[in-house]
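The values are calculated or read from the model by the stated rules, or taken from the named source; none is laboratory data. In this text the structure is predicted, and so the values were computed from the model without any measurement. Cβ placement follows ideal geometry from the backbone for every residue including glycine, while neighbour counts extend to all protein chains displayed.
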Amino acid sequence: MPMKWRVAAIIFAVLSAQAQGTFQNLDFESAMLPSVPPGQSGGTVPISAAIPDWIGYFGSAQVTDAFHNDTSLGAPEIDILGPQWNGGPGIIDGDYSVYFQLGEIGTTVSIAQSGTVPSGSQTLMFDAWQPPFATPFSVSFGGDPLFPVVLSSGQSASGQAYNVYGASIASFAGQTGQLEFTVYPNNYNSLLLDDISFSPTAVIPEPSPLALTGIGGLLFALYRRIAPKCQ
């Protein structure tokens, strides 16, 4: 292993030891990577240097490497997009965003980290973008699915569109487990991710009266269709 990656691995181990159970590097700004010229790839780098505190997976197999300022042309990949990146998609916020690519191989791509949800947390929030027609990604904690909804939309300084998502995390506040983001096989699938945080505010909206009325109307229409068949 080159000396620069040995140093990066040592720093990563120290940072992990200091974490004391709390989630770290939720905005992906802790990347320990050399600068690269504009428009050039940083090549393959250890995933521990690309996204410290996180683990990557292709299916159930743990990933050891990531792409730096580069994207895959057909294979599943986890990419760290950072300074001097001028391709697509763009960076959502700060210096770095993480990009999941499915490629042509039918496997899931995930990143995960174990930690403790801060006491009093109500909502898990994050920024993300997927291309049109993509299969929805999933988020889980301790193996239990969370159900993110779009709270708002925005555009980054780089011109990259994204959505702000929120998912209720209140039932897991104070618990320790693995937080995981997963993308599923599909020809269009990829996911750009950034700015994960835990909020003490419950921001997931309750169904509006209009929405509840619409649901009631659909149920009534369904009843009218199936009731004669049951007689």
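Given the residues THR182, THR213, which is the only one that is at pLDDT below 90 and among the hydroxyl-bearing types (Ser, Thr, Tyr)? Full working, then the answer.
Values: THR182 fails: at pLDDT below 90.
Among THR182, THR213, only THR213 is at pLDDT below 90 and among the hydroxyl-bearing types (Ser, Thr, Tyr).
Would you check which residues across segment 132-153 are surrounded by 13 or more Cβ atoms within 10 Å (Cβ to Cβ), of a type outside the set (Val, Ile, Thr) and out of contact with any helix residue (DSSP H, G or I) (no Cβ under 9 Å at 6 or more places or on another chain) and list them?
ALA134, PHE137, SER138, SER140, PRO148, LEU151, listed by residue number.
Kindly evaluate LEU102 against the criterion of being aliphatic (A, V, I, L, M), more than 22 Å from VAL164 (Cβ to Cβ) and buried (at least 17 other Cβ atoms within 10 Å of the Cβ).
For LEU102, the condition - aliphatic (A, V, I, L, M), more than 22 Å from VAL164 (Cβ to Cβ) and buried (at least 17 other Cβ atoms within 10 Å of the Cβ) - is met.
Could you look through segment 188-208, keep only residues that are closer than 21 Å to GLN130 by Cβ and among the hydroxyl-bearing types (Ser, Thr, Tyr), and pick out the one that is modelled with the lowest pLDDT?
Going through the qualifying residues, I end up with TYR188.
Taking the conditions exactly as written (among the small types (Gly, Ala, Ser), over 17 Å from VAL183 (Cα atoms) and in contact (Cβ under 8 Å) with a residue 12 or more places away in the chain), does SER41 satisfy them or not?
yes
Residue under question is SER110, and the condition is that it be surrounded by 15 or more Cβ atoms within 10 Å (Cβ to Cβ), at pLDDT 95 or above, closer than 28 Å to VAL203 by Cβ and of a type in the set (Gly, Ala, Ser); does it hold?
Considered against the rule, which asks whether it is surrounded by 15 or more Cβ atoms within 10 Å (Cβ to Cβ), at pLDDT 95 or above, closer than 28 Å to VAL203 by Cβ and of a type in the set (Gly, Ala, Ser), SER110 comes out as yes.
With respect to ALA75, is the statement that it is of a type outside the set (S, T, N, Q), out of contact with any helix residue (DSSP H, G or I) (no Cβ under 9 Å at 6 or more places or on another chain) and surrounded by fewer than 22 Cβ atoms within 10 Å (Cβ to Cβ) true?
Working: of a type outside the set (S, T, N, Q): yes; out of contact with any helix residue (DSSP H, G or I) (no Cβ under 9 Å at 6 or more places or on another chain): yes; surrounded by fewer than 22 Cβ atoms within 10 Å (Cβ to Cβ): yes.
Judged against the criteria, ALA75 is a match.
For segment 169-197: of the residues being in contact with a Leu (Cβ under 7 Å, 6 or more places away or on another chain) and not β-branched (Val, Ile, Thr), which is farthest from SER138 (Cα to Cα)? Write out each step before concluding.
So the first thing to find is which residues in segment 169-197 are in contact with a Leu (Cβ under 7 Å, 6 or more places away or on another chain), and the list is 169, 181, 183, 185-186, 189-190, 196-197.
Those still in the list that are not β-branched (Val, Ile, Thr) too: 181, 185-186, 189-190, 197.
Working: PHE181: 6, PRO185: 12, ASN186: 14, ASN189: 12, SER190: 12, SER197: 16 Å.
So the residue we want is SER197.
Just to be sure, is GLY166 surrounded by 15 or more Cβ atoms within 10 Å (Cβ to Cβ), in contact with a Pro (Cβ under 7 Å, 6 or more places away or on another chain), touching a residue at least 12 places away in the same chain (Cβ under 8 Å) and assigned to a strand (DSSP E or B)?
In short, yes.
Among the residues in segment 43-54, are any aromatic (Phe, Trp, Tyr) and assigned to a strand (DSSP E or B)?
There is no residue in segment 43-54 that is aromatic (Phe, Trp, Tyr) and assigned to a strand (DSSP E or B).
Tell me, which residue of segment 22-58 that is of a type in the set (Asp, Glu) and on the phi < 0 side of the Ramachandran plot is surrounded by the fewest Cβ atoms within 10 Å (Cβ to Cβ)?
GLU29
Here are the criteria: (1) polar (S, T, N, Q); (2) free of Cβ contacts under 8 Å to residues at least 60 places away in the same chain; (3) surrounded by fewer than 22 Cβ atoms within 10 Å (Cβ to Cβ). Tell me which single one ASN69 does not satisfy.
With (1) polar (S, T, N, Q); (2) free of Cβ contacts under 8 Å to residues at least 60 places away in the same chain; (3) surrounded by fewer than 22 Cβ atoms within 10 Å (Cβ to Cβ) applied to ASN69, the lone miss is (3).
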